[in-house]
Amino acid sequence: MLPTVLRGVRPIPTALASRRPLARFTPHMDPDRSRPVESSIRTKLTEGLQPDHLEVHNESHMHAVPAGSESHFRVLVVSSRFEGLPLIQRHRLVNEALKEELSSSVHALAIQVKTPAQWGGRTTLEKSPPCMGGSRGDPTVEEKLRAGRE
Amino acid sequence: MNTFLRATARCLRTGAAAQLPRRTDGSSARFLCAAADFQKDLGEMVKKDKVVVFMKGTPAQPMCGFSNAVVQILRMHGVDDYAAYNVLEDSELREGVKLFSNWPTIPQVYLSGEFVGGCDILLQMHQNGDLVEELKKLGISSALLTAEKEESK
C-alpha cells in the first residue's frame, strides 16, 4: 500500500512511487516550508518506522498557544514494526524517532500506534481532551515555541 | 505522607542549590550528585504508593487536558487515593521525572512502582479492560467492575 505520508505533493503514478525511495523526500524538499516541525515529524517517523499509514496532525490551535504554533501534535502510526510489542514499547519507538523534536519545539505529542492488522484500513483518530490552559504563561512552553520559530 | 515526600524533595533541592558556587572546583560534581540524589528520590516516590501520577495541576484542579483525562479515568475506576505530583510547582521535578522515566511528556502514570505510560496508554488500557486487570493485581477493585456486577444481578 502506498504510504499516505505526503500532502500537497503533485500526485505521481503508483508504479513510479513504489520504486522511489522515501529517503528522497527530505524536509528541505518538502513543499510546505511553513510547517517545518510537522515536516520533520513526518520524515522522522517515515524513516524510522516505515509506516503503512501515517497521520500527523498539528493540534496547537486547540491549546493556549499563539496561532501558527507547532507545539502540540497528534500522530497515528500504522507499522508492522509494532508487531509483538506492548503499547509502551511502541510509544518509546515513536518517542525515540522524534527525540530531537520533543526536546526542542514539540511540547505535547498524542500517540496512536497500531499494527496493520489492528488498523484495518480505517482512520480512527482519538479526540484530544479539551485544553485546560496550562500552556499559558508556562516558561517551558514559551521556550519550545521560540525553538519552533527559529 | 505525600506532602512530606514532596517537601523532602523540595528541601533536598534547595539544599543542593545552596552548594552550587559557579567555580570549577568540583561544584559540577556536587551538582551531578544532587541530580543523582533527585533521581534516587524519584525512585522512592514511585514505589511509595500503588498509584502515582506526575501531572500538571492537581486532581482537584488539573491544568492540562491530558492530565485531566488521567484523573478522570482513575476517578471512573474509583481510584481516589493516589499520589499526584504537580510538576508545574517544581521545575526540577518536571525535568527529573522525564529523565527518570525516559519519557518526554507529562502526565506520567506509575502502577506499583512501574512506569505504565501517559494519557494515551492509560486511555487504551481503560478501553480494552487492561486497567481493570492491572488495578486488580494491586489489590484495587475497579468501580467499573463492581458496577458491572451490580448490573448483571
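The values are calculated or read from the model by the stated rules, or taken from the named source; none is laboratory data. Small disclaimer: the values here were computed from a predicted structure and weren't measured. Note that we place each Cβ from the backbone using ideal geometry, even for glycine, and neighbour counts take in every protein chain shown.
Among the numbered criteria (1) more than 8 Å from chain B (Cβ to nearest Cβ); (2) free of Cβ contacts under 8 Å to residues at least 24 places away in the same chain, which one does A:Leu102 miss?
So A:Leu102 meets the others, but not (1).
Give the residue that is modelled with the highest pLDDT, with candidates limited to residues of the range A:134-146 that are closer than 14 Å to A:Pro66 by Cβ and of a type in the set (Gly, Ala, Ser).
A:Ser135
Six or more apart or on different chains, Cβ atoms under 9 Å: show the pairs whose first residue is in the range A:137-150 and more than 11 Å from chain B (Cβ to nearest Cβ) and farther than 20 Å from B:Lys98 by Cα and whose second is aliphatic (A, V, I, L, M) and part of a helix (DSSP H, G or I).
A:Gly148/A:Val37
When residues of the range A:60-83 are filtered for being among the acidic types (Asp, Glu) and surrounded by 17 or more Cβ atoms within 10 Å (Cβ to Cβ), how many remain?
Selection size over the range A:60-83: 1.
Going by the conditions given, is A:Ser128 closer than 18 Å to A:Ala67 by Cβ and either at the interface with chain B (Cβ under 7 Å from one of its Cβ atoms) or modelled with pLDDT of 90 or more (or both)?
So A:Ser128 passes the test.
Could you list all residues from the range B:87-109 that are of a type in the set (A, V, I, L, M, F, W, C), within 18 Å of B:Leu32 (Cα to Cα) and in contact with a Phe, Trp or Tyr (Cβ under 7 Å, 6 or more places away or on another chain)?
Of everything in the range B:87-109, those that are of a type in the set (A, V, I, L, M, F, W, C), within 18 Å of B:Leu32 (Cα to Cα) and in contact with a Phe, Trp or Tyr (Cβ under 7 Å, 6 or more places away or on another chain) turn out to be B:Leu93, B:Val97.
Look through the range A:115-136, keep the residues that are farther than 25 Å from B:Pro62 by Cα and out of contact with any helix residue (DSSP H, G or I) (no Cβ under 7 Å at 6 or more places or on another chain), and return whichever of them is surrounded by the fewest Cβ atoms within 10 Å (Cβ to Cβ).
Here the residue is A:Arg122.
Of the conditions (1) crowded, with 18+ Cβ neighbours inside 10 Å; (2) closer than 17 Å to A:Asn58 by Cα, A:Ser104 satisfies every one except a single condition; which number is it?
(1)
Give the residues of the range A:90-99 that are more than 7 Å from every other protein chain (Cβ to nearest Cβ) and farther than 12 Å from A:Phe73 by Cα, sorted by residue number.
Within the range A:90-99, A:Arg90, A:Arg92, A:Leu93, A:Val94, A:Glu96, A:Ala97, A:Lys99 meet the criteria.
Does the range B:53-65 contain any residue that is closer than 15 Å to B:Gly117 by Cα, away from every other protein chain (no Cβ under 14 Å) and in contact with a Ser or Thr (Cβ under 9 Å, 6 or more places away or on another chain)?
yes
Of all residues in the range A:54-76, how many are more than 18 Å from B:Lys98 (Cα to Cα), in contact with an Asp or Glu (Cβ under 8 Å, 6 or more places away or on another chain) and in contact (Cβ under 8 Å) with a residue 24 or more places away in the chain?
Going through the range A:54-76 one residue at a time, the tally reaches 5.
Of all the strands (runs of 3 or more DSSP E) wholly in the range B:71-144, which have at least 2 residues that are modelled with pLDDT of 95 or more and within 14 Å of chain A (Cβ to nearest Cβ)?
B:108-111, B:114-117
Please go through the range B:1-58 and give me each residue that is in a helix (DSSP H, G or I) and at pLDDT 80 or above, ordered by number.
Result: B:Asp37, B:Phe38, B:Gln39, B:Lys40, B:Asp41, B:Leu42, B:Gly43, B:Glu44, B:Met45, B:Val46, B:Lys47, B:Lys48.
In the range B:73-90, is there at least one residue being basic (Lys, Arg), out of contact with any strand residue (DSSP E or B) (no Cβ under 8 Å at 6 or more places or on another chain) and in contact (Cβ under 8 Å) with a residue 60 or more places away in the chain?
no
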